[in-house]
Amino acid sequence: MKPQLIIILCLFISVSCQKKTTQSNVEYASIELLTGDIALCGSGQFGELSFGLSCSNATQENFDLAISLLHSFEYEEAEKAFAKVIDIDPSCAMAYWGVAMCNFHALWRPPTVDDLEKGSLAIKIARSIENKSERETDYIDAIASFYTDWDKIDHSTRIGRFEKAMEKIYNQYPEDKEATIFYALALNSAADLSDKTYKNRRKAGKILEQLFPDQPNHPGITHYIIHSYDYPELANLALDAARRYASIAPASAHAQHMPSHIFTRLGLWDESINSNLDATTSAQCYAEQVGMNGNWDEEIHGTDYLVYAYLQQGRITEAKQLLDYLESIPNIHPLGVKGAYPTAAIPARFYLETRQWEKAAELKMPSQDYPADRFPWSNGIIHFTRILGAVHTNNLEAARRDLDEINKCHQYLLDKDNTYMANQVLIMIKAAEAWIQFTEGNIDHSIELMRVSAEMESKTEKHSLTPGEVLPSQELLGDLLLGAGKPNQALSAYESNLKIRPNRFNGIYGAAIAAKKAGDNKKAVAYYMQLIALTANSNSKRPEIEEARSFIAQVSS
């Protein structure tokens, strides 16, 4: 080749490279990545793993940290870690994949428009980078299947596409443990909440259980086992993982909280309380470190679980202190259903569980500054609480006004095609109608409606947002049957509920009362003894405890 031609070719390559680099820089700058120091609380540990990638060796430590954070749903900090990888090696395609994963929020709140735009741009850059392996290309294509046509195709369909893409990677790279773990996450993300066979959940759990012995400190394995088995019928399968996860990633507020999902399912209230005390403290630390404008929704989420556990041990004082604390909070960050749900559920639980019907009837919308019409499920909880309060204080006019309002919440969710939340509100509507009918004296119709509500509830899994319904319909059925003078049927309802929701204070107490009224003193004593044992270490002042002791003494004498 002539020297002149070589010079021209070199100049052409140089200009082309500069043009490509300039274009990449523009795209990179437009992503507006989260950057800065990783916010660490406690020991700063997030678990152990090794992903393996073709990028610069200097990026490996930051990349593995980013993956660890991603597995614990610490999305903002994970994005910062991926940004550090990009700073070191801008040509690392998998770092942009990581940014897209951070904005995907599997098993979390759906991504916002801003999240979807950022993730889509990250995928575009990742695909434009040429020096990546076939495996890395497959990973990028998998998450791209979620982002493609996000403005035209619904969220659940796109999650289904992601699941299928991750299944392909799982089968193609059997030696890739991270592919296996992310496939399990995809299975959980795409699971149908109405599927009572738990097909996806069981499959994900089995896959992860096979990895657990060899990687006991991997945050994703333990975390996703908990999500896989977060159901009454399966919860025992996740108890070992639940008791380990918090120690694997002590710097993650979510890792501290997540075990309480299993503890709640199994009625292990002491463990749930300890888990969420650590979680809420860690969440407060994180919010302070990052200078958050308001309280982090992760703290409020953990507080809901904490209040729920306190109430089951009859610890009214501690629960009320948290309710007062919640009402002192001016705003919650980010502005979403994860924060909005507990701001409605916590006061509703407190007044309904403690039978403070006048307070329940007067319950106001949360004081936090968020648009109420954005959260119809949460609003429905407020109206449901007011209805139960109203019927127990014989104010049927007020109950019917709130019934009109809760029906509007249901219709709004139907119009938005949010089937799951609409169904949750409908379960409350049927229960509310039942109690209105009962108060009006239409006993048979009220029982029929309450059974419909309980049946609907039994076919629907709870959302991970909540430790449980503000009052379970099956338990409310027991209350209604007891009020209707049908103690044997009431006892059956309470016992059915306790099989799914063990160690609930009101469920055990209701069963004791029903057994006593049915003339089964032996069973009544057994349930009263359970109630005493449940509250043995709580110094509970609930009058039901003294009632239990009095009855046992009376029967024994």
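Cut-off under 20 Å on the C-alpha distance; same-chain residues fewer than 8 positions from Lys152 excluded. Which aspartates and glutamates are left, in chain and number order?
Reachable aspartates and glutamates: Asp114, Asp115, Glu117, Asp141, Glu163, Asp415, Asp417.
May I ask you to sort Val290, Val555, Val85 by Cβ crowding, counting other Cβ atoms within 10 Å and putting the fewest first? Walk me through the numbers on the way to the answer.
On the way: Val290 16, Val555 13, Val85 27.
Listed from fewest to most nearby Cβ atoms, that is Val555, Val290, Val85.
So which of Lys164/Lys206; Lys199/Lys408; Lys80/Lys177 end up more than 27 Å apart, counting from Cα to Cα? Please report the intermediate quantities before stating the final value.
Working: Lys164/Lys206 18 Å; Lys199/Lys408 34 Å; Lys80/Lys177 24 Å.
Where the Cα-Cα span goes over 27 Å, the pairs concerned are Lys199/Lys408.
By how many nm would the segment from Thr35 to Leu234 grow when fully extended, if each residue of separation counts as 0.36 nm and the alpha-carbon distance is taken off? Before the final figure, lay out each step's value.
Details: separation 199, 0.36 × 199 = 71.64 nm, distance 3.96 nm.
The Thr35-Leu234 span can extend by a further 67.7 nm.
Work out the length of the dipole vector of the chain about its Cα centre, built from +1 on the beta-carbon of each Lys and Arg and -1 on the beta-carbon of each Asp and Glu, and round it to the nearest 20 debye.
Working: 54 positive and 72 negative charges, 221 e Å.
Dipole magnitude for the chain comes out near 1060 debye.
Using just the C-alpha positions of the chain as equal point scatterers, what log10 of I(q)/I(0) does the Debye formula give at each q in 0.07 1/Å?
Cα-only, vacuum Debye calculation for the chain: -0.45.
Quick check: net charge around Tyr147, other residues with Cβ under 12 Å of its Cβ, Lys/Arg +1 and Asp/Glu -1? Provide the component values of the computation, followed by the final result.
Numbers: positive: Lys118, Lys124, Arg127, Lys152, Arg158, Arg161; negative: Asp115, Glu117, Asp141, Asp149, Asp151.
Taking every Cβ under 12 Å from that of Tyr147, the sum is +1.
Check which residues have an amide H placed less than 5 Å from Trp296's amide H, if you skip close sequence neighbours.
For Trp296, the qualifying residues are His333.
Could you pull out which residues in region 36-77 have an amide N less than 18 Å from a spot 7 Å beyond the Cα of Thr112, following the Cα-Cβ vector?
Counting backbone N atoms under 18 Å from the label point, the list is 74-77.
In a shell of Cβ-Cβ distance under 12 Å around Thr317, excluding Thr317 itself, what net charge do Lys and Arg (+1) and Asp and Glu (-1) give?
Working: positive: Arg315, Lys320, Lys541, Arg542; negative: Glu318, Asp324.
Around Thr317, the charge tally is +2.
With θ set to phi - 60° and the Karplus curve 6.51 cos²θ - 1.76 cosθ + 1.60, what are the ³J(HN,Hα) couplings of region 103-108 in order, to the nearest whole Hz, using x for Gly and Pro?
With the stated coefficients, region 103-108 comes to 9, 7, 6, 4, 6, 10 Hz.
Starting from the Cα-Cα distance between Ala484 and Asn521, subtract it from 0.36 nm times their residue separation and give me the gain in nm to one decimal. List each step's numbers first, then the result.
Working: separation 37, 0.36 × 37 = 13.32 nm, distance 2.03 nm.
Full-extension gain reported as 11.3 nm.
Could you calculate the FRET efficiency of Thr281 with Thr137 from 1/(1 + (r/R0)^6), where r is the beta carbon distance between them and R0 is 41 Å, rounded to 0.05?
0.45
On a full-extension model of 0.36 nm per residue, what is the gain between Lys320 and Met529, subtracting their alpha-carbon distance, rounded to one decimal in nm? It would help to have the intermediate numbers written out before the result.
Details: separation 209, 0.36 × 209 = 75.24 nm, distance 2.57 nm.
The Lys320-Met529 span can extend by a further 72.7 nm.
Would you kindly give the portion of the calculated P(r) for region 187-345 that falls above 28 Å, as a percent of all Cα pairs? Walk me through the numbers before you get to the answer.
On the way: 2928 of 12561 pairs.
For region 187-345, the share of Cα pairs beyond 28 Å comes to 23 percent.
Using the Cα atoms of region 239-278, I'd like the radius of gyration and the largest Cα-Cα distance, Dmax, both in angstrom.
Computed over the Cα atoms of region 239-278, radius of gyration and Dmax are 8.8, 26 Å.
Rank the residues Tyr173, Tyr286 as a footprinting-exposure proxy: fewest other Cβ atoms within 10 Å of their Cβ go first. Mind showing how you got there, number by number?
Working: Tyr173 16, Tyr286 23.
The fewest-first ordering by Cβ neighbours comes to Tyr173, Tyr286.
Suppose each label sits 7 Å from its Cα in the direction of the beta carbon; what would the Ser128-Arg355 distance come out to in nanometres?
For the pair Ser128/Arg355, the computed spacing is 6.7 nm.
List Arg501, Arg401 from most exposed to least, where exposure is judged by having the fewest other Cβ atoms within 10 Å.
On the way: Arg501 21, Arg401 14.
Arranged by neighbour count, lowest to highest, Arg501, Arg401 become Arg401, Arg501.
What lysines does Lys320 reach when the alpha-carbon gap must be under 17 Å and sequence neighbours fewer than 8 apart in one chain are set aside?
Result set, ordered by chain and number: Lys359, Lys364, Lys541.
Specify the longest stretch of the chain that does not include any exposed loop site, a site being one of the GluC sites (Glu not before Pro) with a non-H, G, I, E, B DSSP assignment and at most 15 other Cβ atoms within 10 Å.
The reported range is 234-361.
With all pairs of different alpha carbon atoms counted, what Kirkwood hydrodynamic radius in Å does region 440-531 show?
13.4
Only the coordinates and a few stated rules stand behind these numbers; no lab work does. Only a predicted model underlies this, so the values are computations on that prediction, with no experimental measurement involved. For neighbour counting, all protein chains shown are included, and Cβ atoms are generated from backbone atoms with ideal geometry for every residue, glycine included.
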